[in-house]
Every structure is written in C-alpha cells, then in structure tokens.
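Below is one structure, written out as structure tokens, with a few remarks after it.
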Amino acid sequence: VTKEEAQAELTTMGQRAAAAYPETHARLRPRVLPYPREHVDLSQPVVVWMLRLAQLLVGVLAFVVAVNVAILLYARTLTRLGEIAVRTALGASRSRILAQLFTEALALSLVGAAAGLVLADLALGRIQAMARANGGVPFWIHFDLSAGTVIYALVLAVLAAAIMGVLPGLKATGPRVNASLHELNSRTSTRLGPMWTTLVVAQLAIAVAGLPIAVYMAWQVVRMEIEGPGFAAERFVVATVALGDDPIADPDVFRRRQLELMSRLEAEPGATAVTFSSSVPGFAPSRRIEFEAPATSAGRPLVPLARASEVSTLDVAPGLFDVYGAEVVAGRALAARDVRADAVIVNRTFVQALLDPSAPPRGALGLRFRYQRAAARQPGSEPPEPWHQIVGVVGDFPSFSPAPGSDGEPTVYHPAAPGDVHPAVIAVRFGGAIPAGAVDRLRQIGAEVDPALQLRRVVPLSTFYDDVRSLWRYLAWGIGLVTMSVLLLSAAGMYAMMSFTVAQRTREIGIRAALGAHPRRLLLSIFGRATRQLALGVVVGALSAGALSAAAGLSLPRVAALLVVVAMIMLVVGLLAAVGPARRSLRIQAIEALRVDGLTVQ
C-alpha cells in the first residue's frame, strides 16, 4: 500500500481507540513515519546540523580536489599544445590524441577511486564498531561497501577522466592547433585568460569558507574535554525504564512500578538520591515555542529577541535540580504543586539566547510562552496549547552541549510526577564512587519489581557523556583532517599556478631584468596579480563563511573573529606559495630567457 493508504487505515484505528478509551487515547494521533526516524531523528536540530555539516565537508573537499586537478591538467594541456600540434601535423588523428589523454586521466582517476574505496571501507568498519559498542544501531544494519557503491565510484572515475582528459583535449585539438604550431616556433607566452583567475579565486574561497566551522568544532571539543559536564557525573548511574514494548503503557501500573523501583534503589547501599526525567540532561528533544507579547509597562518581563524559537524540553521530577547539584540562579525551584500546572523553569542559556543577553536572569520571571502545533495538524481542530509561565532560572547542566552557536542549549523544564513520563530515565546518585556491580544490581532490582519492566541502556552517566564526547572528538578529527587537506590542496594548487605563471613569463622577466628592472619591481609585478587574486578569494570566502556560519547557528561576533584569523592565515599561505616561484624568477638570466624563446643571441 502507499503511505497515504496506510495513514488512512491507521487514522481509522486511532479513532476507534479514542472512542473506546477516551481518557487515555482521546488526543492521540497516530502517524506513519519513515523507518530511519526511529534511529536518526531528523526532527532534532543537532542531528540535522551534523548531517548537513558532514555533507558540506564532503562536498567542499571534493570540490577543492576537483579544482586542483582541473588546474594541473589545464596547465599541463597548455604546455603540451606544441606537442599536440606537431603530432597533428605528422598525421595523428584527433581521436587518437583524445584517447591517449583520456587513458592518462583514467589511470589517475582509477587509482584515486581505489584508494578512496579502501579508506572508506576502513572508516566504515571503525564507525560500525563504535555504533555496536554504544548500542545505537540495530544488529541487522551493517556499514560496509555495497556493490552499488563500488560501481558508483567507478562510474564517477570514468566521468572524471572524461572531464579531465577529453574536454581539455578537445580544446587543444580544435581550430587552435595551427596557431599552436606557430607558437611552438616563437615560444610566446600562453594567455591564461579569466578561467585561471576564476580557479584561483574558487580555490581560496572554498578554503576560507570551511575554516570557521572547523575551528569552532575544534573549540567545542576542547571545551567539552576541559569543562566536563559540570557536576559529578561519575557518581550517577542512569537507566531508561519502560513497561514492556507497549509505548502507551497503563499510567497507573507504570506509576506503581516506578515508585517501587525508585524506593528500592534509594535503599541500596551507597545510594543517596534517586530522580527521573524524560531524557538524559543535555540531550532532550526540541520543540518550537512562541512567546506571549509582553506589555511595555514597567516591571514586565524581558522582550523576546524573536517571537518564535526552538528549545529543548524535559519533563523532570521536582527535586531533580537538587540531586544533580544545579543552582537555581533566579526565582524558585519546581515543587510538587507545580505538577500539571503552568509553571516551568528555564536554563541560563534560554535567557541569554532568546531574551536579552545582558539582562539579569530574574528579568525572565513571569514571561509566558506556549508550544506551536505541528504543521500537519489542522488549525482549530483542537484547543490551543496552554500557556506556560517561567517561575525560575537554573544554571546550565551539563555545562557542555553539542548545540551550535552557544555554550549551551535553550532548555525548558516541566514538572512531572512518577508515571507521567514513559519511558523514563531514572538516575541513581551515590555518595562516592559507584560500587562494583551496581549496574547489574539495578537490572536485578528491576526484574524483581516486575519482569515486564525493561531497563535499557543502564550505564554510569560519565560513560554516557564520554561516548558523546568521543563521537564529537571523532567528528572534530574528521573535520580537522578535511580542513588540513583543503589547506594543503589549496596551497599546492596556488603553488602550481604561481609556478606555471612564472614559467609562462620567463621571457618577459628575463628581458626586463636585462633592461635594468629592479628586483623589487619584478617581485611587485609577480606578487601584484597573486595578491589581487588572493584578496578576491578571501572576500568571496568570507562572505560564504558568514552565510554558512549563520545557517549553522554560530554567533556573529565569533564568526567575525574567526574570519579575521582565517583570512590572515590564507593570505599568508597564498603568499608563501608564491615565494618559491618568485625567487626562481629572479634567478633567470636574460640569455637564458632568450634561449628559451628559441632565439640566437650573438
């Protein structure tokens, strides 16, 4: 059946369930969702941001490699114009010359494709090992190279060979072949044209555009390593608790089982407190909120920077902040009376990111907001979402967050009672180090309370955060390697272009030196064009980096500071790439320059 047909049938089943069980099913709306969403939740901004970043980096690296290869083969074809002209004059057919150029390019492409496939296979094996260790991937999913992927890579290699070899060959064997034969005798310099400048600018712009995000990612990893979660995560054990496989468990039954489980865990030797939440702190689902427009009279809350914003939401036990040691910096903590009321607590980043960053946290107290409905729901079909009022502001915990653009993630905490959240993440805090066998003991207690009570992902909280840091560490290393590859390729490309440019100007530089031109003027003429190209590439790259950073959610002050550093780095790299060819040009003697041009000097 189609997705629409399945949705229609499921909707009918949902309506029957709502009529039969109005107290628990009246507001449920079953939906057909793509299968990958169970394992890769594309509704999470962080997940989407990471996937887009990975796609962007792969595209940037591929583009830089393509530009470098195009530059080198373009220059190589220009130097072989005389050879191609001579072969054509001696009777070589155009197809024979094109076949040779295509074969040379195909050999390069196939070697590159084979090396890439080997590296991809090794990387996928490592990713699968990490995924298996973390338990985040079903056992039937395998990360390996399929036959389709290998064929796809080979087809791309052939296509690349056609582009790299045939297209320049068509130009070289075209109507210009006779002119090339005449130039072989006169050895005049080849006019590079605007294409050369375009390649230089594109090369540099891509390198500049990708560096700010790479620097930001490296800083995030360093900050996460230095700061840690901000509390004693090594004293916590967390577990996701669910009643069977039914996502809609009986609330009363689950409440009783949860209370009994938490009571028995509190009685365990060494345990000092037990609390629960809808997810592990720092890794909550996100929803879009809209603020109530505040009045302008004195004493009203801060005016939101935007009417609608994206925030993370957690349902938590009222005493959760005390258990984790999170400080309430303004207002009051959640209490049992707040359950099923409109009171909520937000974190410090909520105030700094969505309200006035310079205002004190207490300015957010009293502000009201509500959640926006999903776009799939029909307006007016259900009562409007209730308004929630901020009664307190808590410090960020954990102190690190994978969210781009800030040191934390705007988070809203809703009070919940046992049984309100299913499945629930239960956290057990110990007075000191976690006792040996605590994880197995927690599983045993869960089985004794109810065999249908499932305890998933029972790990020390420090291990959970270490896995997250490990993922970001590998991501940062990957981004760093890609960035270094882009820099090295850009430097190599610029060096090749400068070398070729100087080689084409051998006669001009030699004659100018013979006529008494000062070396400084020769250097200025060489560096002048290179500097203009570098400056244009930096400007284009900076504009692109600003757009990419804004899309990634990075703050403008940080982007501006990164761009200044990146621009200076790339200018230095570009100028250093021009130093070697420039020094060689100053060693050119007039006699050698004229001899290169095929002239006899008496």
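The values are calculated or read from the model by the stated rules, or taken from the named source; none is laboratory data. Bear in mind that the values here come from a model prediction, so they are computed numbers and not experimental data. Here the Cβ positions follow ideal geometry from the backbone for every residue, glycine too, while neighbour counts run over all protein chains shown. The accessibility values were calculated without ligands, DNA or RNA, using every heavy atom of the protein model including side chains. Shrake-Rupley method; radii C 1.70, N 1.55, O 1.52, S 1.80 Å.
A few notes on this one:
- 568, 130, reordered so the largest accessible area comes first (probe 1.4 Å): 568, 130
- A probe of 1.4 angstrom, applied to the heavy atoms of all protein chains, finds residue 28 with accessible area near 70 square angstrom.
- Which of 231, 283 is most accessible, then next, and so on - probe 1.4 Å: 283, 231
- Only protein heavy atoms count here; on that basis, with a 1.4 Å probe, residue 63 has an accessible area of about 90 Å².
- Distance in nm between pseudo-label sites at residue 17 and residue 52 (7 Å out along the Cβ direction from Cα): 3.3
- Along the stretch 343-348 the Karplus relation, 6.51 cos²θ - 1.76 cosθ + 1.60 evaluated at θ = phi - 60°, assigns HN-Hα couplings of 6, 9, 10, 10, 8, 5 Hz to successive residues, with x for each Gly and Pro.
- 3J(HN,Hα) along the stretch 311-316: 9, 8, 10, 10, 8, 10 Hz, from the Karplus curve 6.51 cos²θ - 1.76 cosθ + 1.60 with θ = phi - 60°, whole Hz, x for Gly and Pro.
- These residues, 290, 83, go from largest to smallest accessible area, 1.4 Å probe, as 83, 290.
- Nonlocal amide H pairs with residue 388, under 5 Å, H built at 1.01 Å: 369, 370
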